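Trainee: Sharing a structure, written as C-alpha cells. Questions coming.
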Amino acid sequence: MARLSGYRIKVISTMNARGAILHWAVFGILAILGLFITVLSPLQPSQEKTGEWQLGIIYDLFYKSQINLLELDLFVRNETWSIALELAQKGGFAGTSPCGRYQGINKWNAQGTPCFPSPESSVESELKRRLEDKTGRFFPTITLQDQQIAGNSDDVKSISGTDIYTYKYRFNVNLDYSFTAEYNQLTSEAGHLLAACRGETDLNICVQQKKKAHWHPFSCTGTASIPAGQRIVSFCVQSPNNYTVGGEPAQYSLALDFTLQAP
Amino acid sequence: MRDNHKNTMERKTGSAHPQYAYWQAFIPRGTRAMLDDMLDLLFMVMIAFFALFFVHAMLTGGTDERDKEISADIANMHRAGDYLINQRINLQEGAPLDISLIHENVMESIRQGTPTPFEAQIDQPGHGTPVGVQD
C-alpha cells in the first residue's frame with residue numbers, strides 16, 4: 001500500500017505546473033460558459049425586430065395615402081360616369097337648354113338658332129360640387145382631356161404619432177368615355193339632319209333616310225314614325241362611339257326643331 | 001525478477017505505473033512535460049471551439065428567427081404594394097373596386113402575415129387583375 005500511495009504522489013508530481021493551471025482553466029471556462037448560458041438563455045439575444053418603425057411608416061402613412069388617393073380616383077370615375085349619364089338624359093345640359101324644352105326634353109335648336117351643348121363646363125362644375133361634398137376640399141382646377149379627367153386640391157397632411165407625411169391630393173382618371181368626342185359627333189350629325197330635313201314636307205321619310213343608324217325618333221326601342229305635321233321631334237340617340245358608361249350604354253335624349261325659319 | 005523489472009521501469013520513466021510507463025518509456029522527461037502542456041492546450045482549444053460554436057448557434061438561432069420574420073414582413077409589404085398597383089390598374093381599366101376590402105387586405109391581412117387571397121400577376125402582359133379579385 002505504501003508503495004502504491006508513493007506511485008500516486010509520483011504521478012501527480014510529474015504533472016507540469018502550467019499543465020495543471022490549464023486543466024483547471026478548462027473547467028473554469030466551462031463553468032463560465034455554463035453560467036453565461038444559464039443567465040442569458042431566458043432573456044434570449046435581442047429579439048426585437050428591426051424595421052418596425054419603417055414598416056409602420058409605410059403602412060400607416062404611405063399605403064393609407066395610396067388607398068385614400070385610390071378612393072378619390074374611384075369616386076371621381078364613378079361620379080363622372082354618373083354625371084355623363086345624367087347629362088346624356090338631358091341632352092348635354094345641366095339644366096334647361098337656352099332653346100327650351102319639348103315635352104320635357106331639351107331642344108338643340110329653335111328654328112334657325114342652334115343651342116348645341118358644351119358639357120365640359122357642366123361636368124367640371126358638377127364634379128367640383130360633389131367632390132367638395134365628399135371630401136370637404138375645394139378643387140380649383142378640373143380638366144377634361146379626351147378620356148382623361150384630372151384635378152388637384154391642396155396637399156394632405158397625414159399624421160401617425162410624431163410622423164407626418166404630406167402628399168398631393170389629386171386625381172387623373174381614365175373614364176373610357178370622351179365627352180368631347182361624343183358631343184362633337186352628335187352636334188355634327190344633328191346639324192346635318194337639320195340641314196337636310198328642315199325644308200322637307202314629309203319629315204318622317206326624310207329623317208328615316210338621312211338619320212344615322214344610332215338615331216331613333218322618340219325612343220331607342222321600337223321604330224316609331226314621325227306623325228305628319230309634327231316639326232319638333234325628340235330623339236333617343238345611342239352612343240356614336242358605342243361607349244358604355246359604368247356598364248350602361250350611353251343614350252342621349254334631345255329634341256330637334258325642323259320648323260322652317262321665318263323669312 | 002518482477003520487482004527488478006518494475007524498478008528498472010520506474011527508474012527509466014519516473015513512474016511505477018505500467019500503463020504510464022510503456023509508451024512513455026522512450027520519451028525523455030522534459031519532452032514529456034511539453035507534450036503534456038501541448039495536449040492540454042489542444043484540448044482547451046477544442047473545448048473552446050465547441051463551446052463557442054454552441055454559443056454562436058444559440059445566438060444566431062434566435063436572430064435567424066427574427067430575420068425570417070423581418071423578411072416575411074418585407075415580402076408582405078411588397079405584396080401589399082403590388083396589390084395596390086394592381087388595384088390602380090383595375091381602376092384604369094374600368095373595373096369595380098371595393099375600397100373597404102382593399103383597405104382590409106392591405107392593413108389587416110397582409111400586415112398580420114396571414115395568407116393573402118391574391119397573388120400579384122402584374123408581370124402577365126395585358127392582365128393586371130390579381131387572383132381572387134373580381135373584374
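Trainee: List pairs: first in region B:91-110 and in contact (Cβ under 8 Å) with a residue 24 or more places away in the chain and farther than 30 Å from A:Ser178 by Cβ, second small (Gly, Ala, Ser) and not in a loop (DSSP other than H, G, I, E, B), Cβ under 6 Å, 6+ apart or cross-chain?
Mentor: Pairs found: B:Val106/B:Ala80; B:Ile110/B:Ala80.
Trainee: If you don't mind, another one. Quick check, is A:Ala25 under 19 Å from A:Gln251 (Cα atoms) and part of a helix (DSSP H, G or I)? It would help to see each step written out before you state the result.
Mentor: Values: under 19 Å from A:Gln251 (Cα atoms): no; part of a helix (DSSP H, G or I): yes.
In short, no.
Trainee: Hey, another quick one. Collect the residues in region B:81-135 that are small (Gly, Ala, Ser) and either closer than 22 Å to A:Leu72 by Cβ or modelled with pLDDT of 70 or more (or both), keeping them in residue-number order.
Mentor: Filtering region B:81-135 down to residues small (Gly, Ala, Ser) leaves B:81, B:94-95, B:100, B:109, B:113, B:120, B:126, B:128, B:132.
Across region B:81-135, the qualifying residues are B:Gly81, B:Gly94, B:Ala95, B:Ser100, B:Gly128.
Trainee: Of all residues in region B:33-59, how many are under 17 Å from the mean Cα position of the chain (by Cα) and surrounded by 13 or more Cβ atoms within 10 Å (Cβ to Cβ)?
Mentor: 4
Trainee: In the list A:Phe171, A:Phe139, which residue meets the criterion of being within 14 Å of chain B (Cβ to nearest Cβ), more than 30 Å from A:Thr259 (Cα to Cα) and not basic (Lys, Arg)?
Mentor: On the way: A:Phe139 fails: within 14 Å of chain B (Cβ to nearest Cβ).
Matching residue, one of A:Phe171, A:Phe139: A:Phe171.
Trainee: B:Glu93: more than 30 Å from A:Thr244 (Cβ to Cβ), of a type outside the set (Phe, Trp, Tyr) and at the interface with another protein chain (Cβ under 10 Å from one of its Cβ atoms), yes or no? Lay out the reasoning, then the answer.
Mentor: Values: more than 30 Å from A:Thr244 (Cβ to Cβ): no; of a type outside the set (Phe, Trp, Tyr): yes; at the interface with another protein chain (Cβ under 10 Å from one of its Cβ atoms): yes.
When the stated conditions are applied, B:Glu93 does not pass them.
Trainee: Something else about it: Output the residues belonging to region A:217-241 that are closer than 20 Å to A:Glu86 by Cβ and free of Cβ contacts under 8 Å to residues at least 60 places away in the same chain. If you could, list the steps in order and put the result at the bottom.
Mentor: Initial filter on region A:217-241 (closer than 20 Å to A:Glu86 by Cβ): A:219-220, A:234-241.
Across region A:217-241, the qualifying residues are A:Ser219, A:Cys220, A:Phe235, A:Cys236, A:Val237, A:Gln238, A:Ser239, A:Pro240.
Trainee: Residues of region B:77-90 being more than 10 Å from chain A (Cβ to nearest Cβ) and within 25 Å of A:Ile149 (Cβ to Cβ), which ones?
Mentor: Matches in region B:77-90: B:Asn86, B:Ile89.
Trainee: Still on this structure, please answer the following. When the residues of region A:224-263 are narrowed to those that are more than 23 Å from the chain's Cα centre (by Cα) and among the β-branched types (Val, Ile, Thr), which ends up surrounded by the fewest Cβ atoms within 10 Å (Cβ to Cβ)?
Mentor: Out of the qualifying residues, it is A:Thr259.
Trainee: If A:Asn184 meets every condition in (1) without any contact (Cβ under 8 Å) to a residue 24 or more places away in the chain; (2) within 24 Å of A:Gly95 (Cβ to Cβ); (3) surrounded by 19 or more Cβ atoms within 10 Å (Cβ to Cβ) apart from one, which number is that one?
Mentor: (3)
Trainee: For the subset of region A:131-153 comprising residues that are within 15 Å of the chain's Cα centre (by Cα) and part of a helix (DSSP H, G or I), which member is surrounded by the fewest Cβ atoms within 10 Å (Cβ to Cβ)?
Mentor: So the residue we want is A:Lys134.
Trainee: Can you name the strands (runs of 3 or more DSSP E) wholly within region A:154-231 that have at least 1 residues being closer than 29 Å to A:Ser118 by Cα and either out of contact with any helix residue (DSSP H, G or I) (no Cβ under 6 Å at 6 or more places or on another chain) or modelled with pLDDT under 90 (or both)? Lay out the reasoning, then the answer.
Mentor: On the way: elements: A:156-160, A:163-167, A:170-174, A:215-217.
Here the list reads A:170-174, A:215-217.
The values are calculated or read from the model by the stated rules, or taken from the named source; none is laboratory data. Keep in mind it's a predicted model, so treat the numbers as computed, not measured. Virtual Cβ from ideal backbone geometry, glycine too; neighbours counted across all protein chains shown.
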